[in-house]
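S.K.: Sharing a structure here in structure tokens format.
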Amino acid sequence: MSSYLITGASRGLGFEFVRQLAQDPDNTVIGLVRNKAAAEAKAKEQGIHRVHMVEAQYTDLASLREAAEVVKHITNGGLDYLVNNAAIVSHISEWKTMGDFDDDFETMERDILESLEINLLGAIKIVHAFLPLIRNGKAKKLITISTGMADIDLINATQVAFGSPYAISKGAVNIAMAKYNALYNKDGILFLAISPGYVSTERNKVEAAPEDAEKAAMLVGKFVDYAPHFQRPLTPEESVNALLSVMHKASIANGDGGAFISHLGNKQWL
Ligand SMILES: NC(=O)c1ccc[n+]([C@@H]2O[C@H](COP(=O)([O-])OP(=O)(O)OC[C@H]3O[C@@H](n4cnc5c(N)ncnc54)[C@H](OP(=O)(O)O)[C@@H]3O)[C@@H](O)[C@H]2O)c1
């Protein structure tokens with residue numbers, strides 16, 4: 001019997017994690033969400049019954065510590081796996097380069113700070129709030145969902161210049177995971193950053209504005225040049241299946257601590 005906590009569990013990959021994990025009656029599955037009532041209603045509507053939705057604000061350490069107390073009572077003190085999945089992809093800069101903000105530096109500055117606040121500091125606060133539970137768990141694994149867009153070799157190979165605040169924040173969180181690994185692998189706690197691939201979650205299905213559609217098509221073109229086998233985005237089901245497999249196989253003994261890898265368990269991002 002294993003316990004899992006998934007952040008950002010109300011939609012997209014987070015919801016899919018909860019859906020797949022809740023199929024095993026031996027699992028204790030907890031979704032961390034910003035709106036518990038809405039997340040519970042969605043889970044019920046989709047026939048997912050064995051899940052505990054717990055509310056917290058990811059940017060507020062006190063709120064996360066309160067949520068950890070709630071989780072502690074659900075799991076009887078421990079937590080085996082934590083999946084740090086919640087994140088924002090800024091709509092302000094998703095299809096803009098840093099050069100596009102030459103005349104409006106303040107907007108880019110705010111955008112970088114917001115991306116860092118949620119995608120980096122939020123993930124760090126989650127670690128601090130839930131580490132005591134992870135220590136008491138059996139598996140002792142904490143993974144952060146990152147993105148191949150934060151891989152320097154991929155950026156250099158594809159020359160994708162837009163979406164910088166998001167990529168910067170994910171690159172920073174990869175470093176944070178490596179630093180936590182350096183600190184805690186002696187205690188048997190695995191920290192890992194995993195990219196989910198390019199996935200057709202609701203977010204990616206939203207029609208891009210006409211001026212951005214061209215850039216979205218260009219991105220797909222660059223993906224095809226970079227990885228000629230790439231034909232379509234993964235479904236959330238395929239991605240989460242692969243992510244769970246990588247997470248379950250990864251271990252400190254195998255040298256995986258602090259790594260930044262893909263859903264394929266290596267540096268192949270697509
Ligand atoms: N989809 C892809 O192709 C792709 C590619 C690479 C990496 N990723 C990564 O995979 C993870 C999940 O992505 P997704 O496609 O499932 O995204 P999504 O559908 O936008 O869901 C993101 C989750 O993050 C939380 N979140 C969103 N905005 C937030 C905010 N302002 N403050 C705090 N939390 C917020 C939400 O959690 P609540 O439940 O609390 O509302 C939401 O459920 C993210 O870390 C993303 O960076 C996705």
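The values are calculated or read from the model by the stated rules, or taken from the named source; none is laboratory data. Note that this is a predicted model, so its numbers are computed, not measured. Positions of Cβ are generated from backbone atoms using ideal geometry, with glycine treated the same way; all protein chains shown enter the neighbour counts.
S.K.: Just for region 27-39: of the residues that are within 14 Å of residue 56 (Cα to Cα) and outside any loop (DSSP other than H, G, I, E, B), which one is farthest from the chain's Cα centre (by Cα)?
M.R.: For region 27-39, the residue satisfying everything is 37.
S.K.: Which condition number does residue 24 fail, the rest of (1) in a loop (DSSP other than H, G, I, E, B); (2) acidic (Asp, Glu); (3) within 10 Å of the ligand (Cβ to nearest atom) being met?
M.R.: The number of the failed condition is (3).
S.K.: May I pose another question? Residues 67, 9: which one is surrounded by 23 or more Cβ atoms within 10 Å (Cβ to Cβ), more than 18 Å from the chain's Cα centre (by Cα) and of a type in the set (Gly, Ala, Ser)?
M.R.: Exactly one of 67, 9 is surrounded by 23 or more Cβ atoms within 10 Å (Cβ to Cβ), more than 18 Å from the chain's Cα centre (by Cα) and of a type in the set (Gly, Ala, Ser), namely 67.
S.K.: Within region 42-96, can you find the residues that are assigned to a loop (DSSP other than H, G, I, E, B) and under 20 Å from residue 132 (Cα atoms)?
M.R.: 56, 57, 58, 59, 60, 76, 77, 78, 79, 80, 85
S.K.: Let me ask something else about it. Any idea how many residues of region 18-57 are at pLDDT below 95 and touching an Asp or Glu at 6+ places or on another chain (Cβ under 9 Å)?
M.R.: Total satisfying the criteria: 1.
S.K.: Further, regarding this structure: Could you tell me whether any residue of region 175-197 is in contact (Cβ under 8 Å) with a residue 12 or more places away in the chain, near the ligand (Cβ under 9 Å from one of its atoms) and of a type in the set (A, V, I, L, M)?
M.R.: No, there is no match, as no residue in region 175-197 is in contact (Cβ under 8 Å) with a residue 12 or more places away in the chain, near the ligand (Cβ under 9 Å from one of its atoms) and of a type in the set (A, V, I, L, M).
S.K.: Could I ask something else about it? Residues being at pLDDT below 95 and either among the aliphatic types (A, V, I, L, M) or surrounded by 17 or more Cβ atoms within 10 Å (Cβ to Cβ) (or both): count how many of those fall in region 163-207.
M.R.: Looking only at that region, the number is 2.
S.K.: Based on what the data block shows, is residue 86 within 15 Å of the ligand (Cβ to nearest atom), crowded, with 20+ Cβ neighbours inside 10 Å, closer than 19 Å to residue 51 by Cβ and at pLDDT 95 or above? Steps first, answer last, please.
M.R.: Numbers: within 15 Å of the ligand (Cβ to nearest atom): yes; crowded, with 20+ Cβ neighbours inside 10 Å: yes; closer than 19 Å to residue 51 by Cβ: yes; at pLDDT 95 or above: yes.
Judged against the criteria, residue 86 is a match.
S.K.: To continue, here is another question. Residues being of a type in the set (A, V, I, L, M), under 17 Å from residue 83 (Cα atoms) and more than 10 Å from the ligand (Cβ to nearest atom): count how many of those fall in region 31-60.
M.R.: Here the count works out to 2.
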